[in-house]
Each structure stands twice: as C-alpha cells, then as structure tokens.
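Reviewing the structure listed below.
The values are calculated or read from the model by the stated rules, or taken from the named source; none is laboratory data. Bear in mind that the values here come from a model prediction, so they are computed numbers and not experimental data. Neighbour counts run over all protein chains shown; Cβ positions are idealised from the backbone, glycine included. When the accessible area is computed, the model is the full protein with side chains, heavy atoms only, and any ligands, DNA or RNA have been set aside. Shrake-Rupley method; radii C 1.70, N 1.55, O 1.52, S 1.80 Å.
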Amino acid sequence: MVLSDGPVGVRGTSWDDRDWGATTPSPTALAASWDPDLVERVGELLGAEARRKGVDVLLAPTVNLHRTPYGGRHFECLSEDPHLTARIGAAYVTGVQRRGVGATVKHYVANDSETERMTYRAVVDEQTLHELYLRPFEEIVATARPWLVMAAYNACNGPTMTENDLLAEPLNGRWGFDGVVVSDWNAVRSTVPAALADTDLAMPGPTTPWSDHRLLDAVRSGEVPEAAIDRKLRRLLRLAERVGAFADPVPAPAPDRGTAALLRRAAAAGTVLLRNDGTLPLAPQALRRVALLGPGAEHIRVQGGGSAWVSPPYTVAPLAGLADALGTEVELVHTVGAVVDERLRAFSGAQATDPDDGTPGVRVRLRSADGAVFRDEHRDSGKLLWMQHADAAEIAEIEASCVFTAPDDGTYHLGFAAAGDATAGLDGAEFFSGPVVSTSDNHLAALLAPREVVHEVALKAGDRVRVDVRLRPGGLSRQIAMLTLGALPRRRSDDDELAHAAELAAGADVAVVVVGTTEQIESEGFDRESLALPGRQDDLVRAVAAANPRTVVVVNSGAPVELPWLDEVAAVVLTWFPGQEAGHAIADVLTGAVEPGGRMPTSWPHRGDDELVLSPVPQDGRLVYAEGVHVGYRGWLSAGIEPALAFGSGLGYTTWRFDALELAPAIDGALARVTLTNTGDRAGTQTVQVYLSRPASTVVRPRRWLAGFARVSVDAGERAVAEIVIDRSRFAHWSVIEHDWALEPGTFEVHAGASVLDTPLGGEWELG
C-alpha cells in the first residue's frame, strides 16, 4: 500500500517537479468556504488523483486547531473552531474515501506548534482537551469513519502520542475507531511502549524501533503479547481490504477535464471580501487602464511549504487571469513595487534552453560513485530535486547545464543553490569551486532556503551564456539531493520601485495590489516570528492608495498577517493560498463573475503583539495551554475585545436583512429556522451561522460557541429560509467529574446572524 502526503494535492512517491498533481486551495481556503458539499467534491478529486498516481492512502486532512496565528502549519489546518473544522474535515474524508482511498486524520493530538515539535510536551486540562482539541477527531470519526488516524510527535499530558493512552481511550474505545493508527514519520521512538499502545504502523521504514527483530524479540520474551500484534495486523489487513490491495489493481483514471473548473470554483468560494467601498466588482467595459502591482501579481503563492508541497501542472498568475477577464480593450500595466523574495529564482523554459537539443529547459546527468552516468535527461526547469526518489541514494554527482538568454540589456546575477561540494562556470570560465554548506540543520529549512552562489555578468539583449554546475550532494541526507540553477530577480532600488508603482497607479482607473507572505515565513518545520508582511509591502499599499483612491488589495497568505492599512484602501480581498487556478479565481471575484464566497474560519488580530495572541514556543520543553477553552473568538469574546477580523465575517456583492429566528424540536436536538432577505440588487449567497451561549452556567464555558451553519443563495429581493439542526451534543460540556460528556439542563441562548459578532436574531432553548 502506497502512502502519500497531502492535503492540497497528491504528491505521490517522490518529490519531483515532473510528477505533477492537481493543486487545490489551502485548507484555510477550503474552510473559509464554509461549504462541506464543495469540499467533498474536492476530496473526490484528490481521491481520483491518488488512484491516478497509484496511491492508496492520502496523509490528510490536518484537523489541529488554529490555536495561534504564529503556528507554522496554520495554513495546513482548517479553523480555530472545532465544529467548523469537523464539518469541513469530515467532508474532505468522505470525498477521498468515496474513491477507495484511505484518508488520514492528523495529527492526534495537541500538535499545534512547530517549535520543538518532535519533543515538546503539551499540557492541556481535561475539559479543554475534549471540548476543543479532541472534538474534531471525535466528530470526524463518528460521521465520516476515516480509515486512518496519525499519531503526532509531541507528548500530551504524559507520554509521546505514539505511546499515549489517548489512542486506546477515547479513540479506539469510546469512539469506536476501527482503522489504522499510523505514526508521524519517525514518531515511534520505542519498541515496547509503542507496541503496547494502540499504534499500528510505524513509519516510514524500513528501519524503525520495531524492525531488525526488536519487536519480534519483545514478543518472544513476553514483553509484548501476541494479541497486541494480532490487533495491529487485523487493522492493517482491514485497511488493505478497504483500499483494494487484495484485489486486481484499479485502473488509473484519466485526468478529469472538469478539474480546472472545480479548482477555480473552490478558490473563489474561499475568497473573503474584507472591505469594499463599492469599487468592487470591477466593470471591464468601464475601464481603460488597470495597474496590477505587487510581488504576487506575477508570482503568486499557491501553497504552503513543507511536506504538503505538490508540483502543480500549471499555475495561473493574477496577471494572466486578469488579462483574460478584462480582454484586449483594457490596458494592464504591472510592476513589482516591493521585492520580498531576494532568493535565486529557478530558470524557466522561457529563460533557458538545453545545450544538447536546444529545447526549453535544462540538461541533467547523474553519476554514481564509480563516475558512470546512470541518468541523462532533459528537465523543464532549473529546479531539481530528488527526495523519496529511486535515484536519490545512488547520486554521487549531478551535472546540470543550460543556456541562458538575456531578455534585456543589463547586469544579471546567475548562479545556483545547493548543499554539497560544487564547481560552477559561465561559458567555460569557472566562478566557484568549493563546499556549499547549509545555514540550517533543519532538513525542511535547508530545502526551502538552500545556500546560494551567484556571479554578476553584464549582458546585452539576446546574449547567450552557458551555465554549468557540477555538484556532489551533501549536508542533508542520502535520501535527498537538490540543485537549483537560476538568477536573482532584476529590480530597481526599493524607493524607485515604490515610486514607479505609484506612478502606474496614478495613471490607472483602478489599482490592484497583490501582497503576501513567502515560503520562508509560512511553512512546516518552524513557527512564525512576525505577523507583519515582509519587505516594504505595507509602504507599497499606502503609496499606491495615496496615488489612486480606487485601490484594491489582494492578500495572498495562508495565515493571519497584519493589515495596518485595512481602513485606508477601497477594497481588500483575502485569497489565502488559492491553488493552481489562482489567477482565474481572483479575476472572477474582482470582476463579479462570481461572488466572493468566503467567511473567516479564524479570527485575525490587529497586531502580532496583541495580548490575546498565544505563543507557540514551549518553555523548558512544555507547551502549557493556560488559556483553557478561551481560544480564538472564544478568547476575544471573553476579553471583551474585537479582533481586526472576526470569526465568520466576510462580505459579498449584495446586502442582507436577517428577519426571524424560529426554534423547534428536532430529532436529538433543536431546529433553527432563520429567515433572511437579499436586500441588494443582485443575486447573492450568505452563510447563516448559529451560536449558543449559557450565561448562567455552573461550569466553565466560552461566552459563545458555534452550533451550526448553512449557506443560502437567492436572487435580489427574495427571501430565504436556512434550516440548521443544532445537535444535542452541541449543548454538552465535558465533565471532569464524570470524565464524559454531560448535559446541563436549563435555558440556552441561541444567536443567529452573519458572524460571531453580528447576530441580530436571538432566542432561547430550554434543555430538559
């Protein structure tokens, strides 16, 4: 059975840019859609992709909560709320498994920090653990029946998770989970304790604490009973049956022609309109010139960094997407405005050609230890990576060559990025020879930011120069080899670039600025140190807004960033990491071809130093969840402070009036009927949200918590009725006396509206 990383696609068995996979919007974007039906379709697409690539198990979704915006994998998780996380996560699992592919709900549990993630000890009180951090796993196990759950690296209230009693209870006991508990990679650190726990599969192999007869010897000595092994094997065999491993191979489906349309729709559905003074939607027929500015306009970031990486078959940049939407009658002008990524940019096929055959790309030869060439091949770009690849361990030397053609007169900085011993030259003249040592001992950080070596050369437009690099890989692992051939981006000085952007904005009917984060900021492997946009992007927004009052800002980040100019621009759109159809989806939203469907799945602070922003950094190896149940919007409500962006908030291109809330009995719960009217002049979609509160509770509760939601779509002037079932379990709290869920009889307040801070309708429900 083949396992592959997700969640934004199916990478397959190797980290190879040629092994492409359909790349979906980030999990934060999927959760921002508040649309389980749409997410289920995305899950089905990923299941089909897995089958196309020979994958049986997708290592996704990640359902850890957004405890802090500083969390490095914030973009890979869904929401700060356990119920929204559970609904979206269950839809994802259902879609994937409908294709006969196992989904893996991870990382069980309290795996909410990347700092010291292999070793930190989470300390979480019993009520908080069950009501928040275990709750998404519990609901997903109950409703979607996932085939796998992944045990995390960290410890939680005791042993590391691969040895933790929480695997037995509540996961495999009270919840009735009947699938495989797989460890995170190298998370099994012991032979006997992990074997006695309910961990079933130690990954990645082939060498683990259970291999080399260690587990076998423990069974023979009586330290591990045979029954424990039988139980693990039964679950692995059940997984094999579920994914069809005992049957004839399932024919790989052809790529679906509807993939692009689905990914485009999903990206738009998760896009959140944060502010709009009427500038949006743009009317192409009324425009003469549009300035599209910012570092993300040409090179938008479609996914986060780390093990979630997928090589997309293509990426639509905002420049291309907006050009398609506006047509040839509208002039589109562009400049970067603020450079945030000073790294080497890999040669594309448009910049470099293979010296052997003249086709766009790079020539690569791989040599084994005896010096013989065992692979001679053409690659489409200068980004070369062999990880979890059959060739990786055999590579002793990499030879890479290409011919770069200068597009304009000027000074170019050409070179390479790698780890190992290298020799490099331009047109046969050597400019470097020696070791290239990574500045980080973290494998992921070294992959994301390898050491760079560049050489300055003056060229005329059309000049051709051959770039040759020979690398003996080292410094990472025998399982990883990497080399990038490329050039540093050419640019004006910071001040000149800002001035040029303002000049273009002043001469345009509307200015669109695309700002965001980089791979060095949002990635697995490390937590964030700041929520500020990198570089001078804030200066860029303000300079453009000063030059043109019709300035629209598109925020391209997977997690919260500071928006100090939020109230100073005409409109702000949050697109998260939108996947391969990014540019088309952004254009659809900006021009009103579709409505921005997103609502905030998590609260955003005004600043990173806000007192309610929690730290992900353990102290003396312990990460204490001292805030208890007051996480995210629950914490803001408890403190009586409004965040910059509230949970559930978001605008559309029409207006709504919430008219009435009716409550009626339902099977095992209550039914909330919310009547609302589209009071605008165009059709629209609203996400109706219902919250509960219990002011007079005898137990510790948040001020308010999400109980259910539904999306409604109606034409201008029409009414809609959203019917939302509030399951009886939504009224429950975790009893630290009974160590179980309990119901507190009495009056609960019910609130309905468009966000946690916008609930114009209220009622009461008596729980007997």
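Being in a strand (DSSP E or B), hydrophobic (A, V, I, L, M, F, W, C) and touching a residue at least 40 places away in the same chain (Cβ under 8 Å) holds for only one residue in L322, L366, L414, and it is L414.
Results for (1) touching a residue at least 60 places away in the same chain (Cβ under 8 Å); (2) under 23 Å from P601 (Cα atoms); (3) not β-branched (V, I, T), shown as yes or no for each residue.
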| position | (1), (2), (3) |
| --- | --- |
| Y653 | yes, yes, yes |
| D659 | yes, no, yes |
| A666 | yes, no, yes |
| T677 | no, no, no |
| D681 | no, no, yes |
| T685 | yes, yes, no |
| Q689 | yes, yes, yes |
| S693 | no, yes, yes |
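Within the stretch 398-410, residues that are over 20 Å from K383 (Cβ atoms) have Cβ atoms under 9 Å from residues that are among the hydroxyl-bearing types (S, T, Y) in these pairs: A406/Y412, counting only partners at least 6 apart in sequence or on another chain. With respect to (1) part of a strand (DSSP E or B); (2) surrounded by fewer than 24 Cβ atoms within 10 Å (Cβ to Cβ), the lone exception for Y153 is condition (1). Taking A291, is it within 22 Å of P489 (Cα to Cα) and either at pLDDT 95 or above or not basic (K, R) (or both)? It is true that A291 is within 22 Å of P489 (Cα to Cα) and either at pLDDT 95 or above or not basic (K, R) (or both).
For D356, the requirement of being of a type in the set (D, E, K, R), within 28 Å of the chain's Cα centre (by Cα) and surrounded by fewer than 20 Cβ atoms within 10 Å (Cβ to Cβ) is not met. Among the residues in the stretch 9-19, are any buried (at least 23 other Cβ atoms within 10 Å of the Cβ) and at pLDDT below 95? Within the stretch 9-19, one or more residues are buried (at least 23 other Cβ atoms within 10 Å of the Cβ) and at pLDDT below 95.
Residue-level analysis places E298 outside the set of residues that are over 30 Å from the mean Cα position of the chain (by Cα), closer than 30 Å to L498 by Cβ and of a type in the set (D, E, K, R).
Restricting attention to the stretch 262-271, the residues that are in contact with a helix residue (DSSP H, G or I) (Cβ under 6 Å, 6 or more places away or on another chain) and open to solvent by less than 10 Å² (accessible area, probe 1.4 Å) total 5. For the stretch 298-318, a residue qualifies if it is in contact with a helix residue (DSSP H, G or I) (Cβ under 7 Å, 6 or more places away or on another chain) and either at pLDDT 95 or above or closer than 23 Å to H74 by Cβ (or both), and the qualifying residues are I300, V302, G304, G305, G306, A308, T315, V316, A317, P318. Note on the stretch 502-516: residues that are more than 14 Å from T335 (Cβ to Cβ) and over 30 Å from the mean Cα position of the chain (by Cα) total 2. Confirm whether V613 is of a type in the set (V, I, T), more than 24 Å from A710 (Cβ to Cβ) and open to solvent by 30 Å² or more (accessible area, probe 1.4 Å). The answer is no for V613. Does T62 satisfy being hydroxyl-bearing (S, T, Y), under 28 Å from R238 (Cα atoms), in contact with a strand residue (DSSP E or B) (Cβ under 7 Å, 6 or more places away or on another chain) and modelled with pLDDT of 95 or more? Yes; evaluated as a whole, the condition is true for this residue. Elements of the type strands (runs of 3 or more DSSP E) sitting completely within the stretch 671-768 and holding at least 2 residues that are within 25 Å of P596 (Cβ to Cβ), among the aliphatic types (A, V, I, L, M) and touching a strand residue (DSSP E or B) at 6+ places or on another chain (Cβ under 7 Å): these cover 684-693, 705-714, 719-727. Taking the numbered list (1) touching a Lys or Arg at 6+ places or on another chain (Cβ under 8 Å); (2) assigned to a loop (DSSP other than H, G, I, E, B) in turn, W15 passes all entries but (1).
To keep it simple, each residue is scored yes or no on (1) in contact with a Ser or Thr (Cβ under 6 Å, 6 or more places away or on another chain); (2) surrounded by 16 or more Cβ atoms within 10 Å (Cβ to Cβ); (3) under 22 Å from Q351 (Cα atoms); (4) modelled with pLDDT under 85.
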{"position": "A400", "(1), (2), (3), (4)": "no, yes, yes, no"}
{"position": "G410", "(1), (2), (3), (4)": "no, no, yes, no"}
{"position": "A418", "(1), (2), (3), (4)": "no, yes, yes, no"}
{"position": "E430", "(1), (2), (3), (4)": "no, no, yes, no"}
{"position": "S440", "(1), (2), (3), (4)": "no, yes, no, yes"}
{"position": "H455", "(1), (2), (3), (4)": "no, yes, yes, no"}
{"position": "D463", "(1), (2), (3), (4)": "no, no, yes, no"}
{"position": "S477", "(1), (2), (3), (4)": "no, no, no, yes"}
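Residues considered: R98, R117. Of these, the only one that is open to solvent by 10 Å² or more (accessible area, probe 1.4 Å) and over 22 Å from the mean Cα position of the chain (by Cα) is R98.
If you go through the stretch 176-226 and pick out every residue that is open to solvent by less than 30 Å² (accessible area, probe 1.4 Å) and aromatic (F, W, Y), you end up with 1. Residues in the stretch 520-552 that are in a helix (DSSP H, G or I), open to solvent by 10 Å² or more (accessible area, probe 1.4 Å) and among the aliphatic types (A, V, I, L, M): A543, A545, A546, A547.
Checked against (1) in contact (Cβ under 8 Å) with a residue 12 or more places away in the chain; (2) more than 28 Å from M387 (Cα to Cα); (3) out of contact with any strand residue (DSSP E or B) (no Cβ under 6 Å at 6 or more places or on another chain), R492 passes all but condition (1). Candidates L590, L623: the one that is open to solvent by less than 10 Å² (accessible area, probe 1.4 Å) and either in contact with a Leu (Cβ under 7 Å, 6 or more places away or on another chain) or free of Cβ contacts under 8 Å to residues at least 60 places away in the same chain (or both) is L590. Inside the stretch 481-517, residues that are open to solvent by 20 Å² or more (accessible area, probe 1.4 Å), touching a Ser or Thr at 6+ places or on another chain (Cβ under 7 Å) and within 26 Å of V302 (Cβ to Cβ) make up a count of 1. Within the stretch 382-398, can one find any residue that is under 30 Å from I586 (Cα atoms), among the aliphatic types (A, V, I, L, M) and either touching a helix residue (DSSP H, G or I) at 6+ places or on another chain (Cβ under 7 Å) or open to solvent by 30 Å² or more (accessible area, probe 1.4 Å) (or both)? Taking every residue of the stretch 382-398 in turn, none turns out to be under 30 Å from I586 (Cα atoms), among the aliphatic types (A, V, I, L, M) and either touching a helix residue (DSSP H, G or I) at 6+ places or on another chain (Cβ under 7 Å) or open to solvent by 30 Å² or more (accessible area, probe 1.4 Å) (or both). Of all residues being within 17 Å of the chain's Cα centre (by Cα) and outside any helix (DSSP H, G or I) in the stretch 36-60, which is nearest to L78 (Cα to Cα)? Just the residue, please. Top of the filtered list is A60. Only residues that are among the β-branched types (V, I, T), assigned to a loop (DSSP other than H, G, I, E, B) and under 24 Å from E114 (Cα atoms) were counted in the stretch 596-654, giving 5.
For A283, the requirement of being surrounded by 20 or more Cβ atoms within 10 Å (Cβ to Cβ) and of a type in the set (A, V, I, L, M) is not met. Restricting attention to the stretch 442-453 and to residues that are open to solvent by 40 Å² or more (accessible area, probe 1.4 Å) and in a strand (DSSP E or B), the residue that is modelled with the highest pLDDT turns out to be E452. Here G349 meets each of (1) among the small types (G, A, S); (2) open to solvent by 30 Å² or more (accessible area, probe 1.4 Å); (3) in a loop (DSSP other than H, G, I, E, B) with one exception, condition (2).
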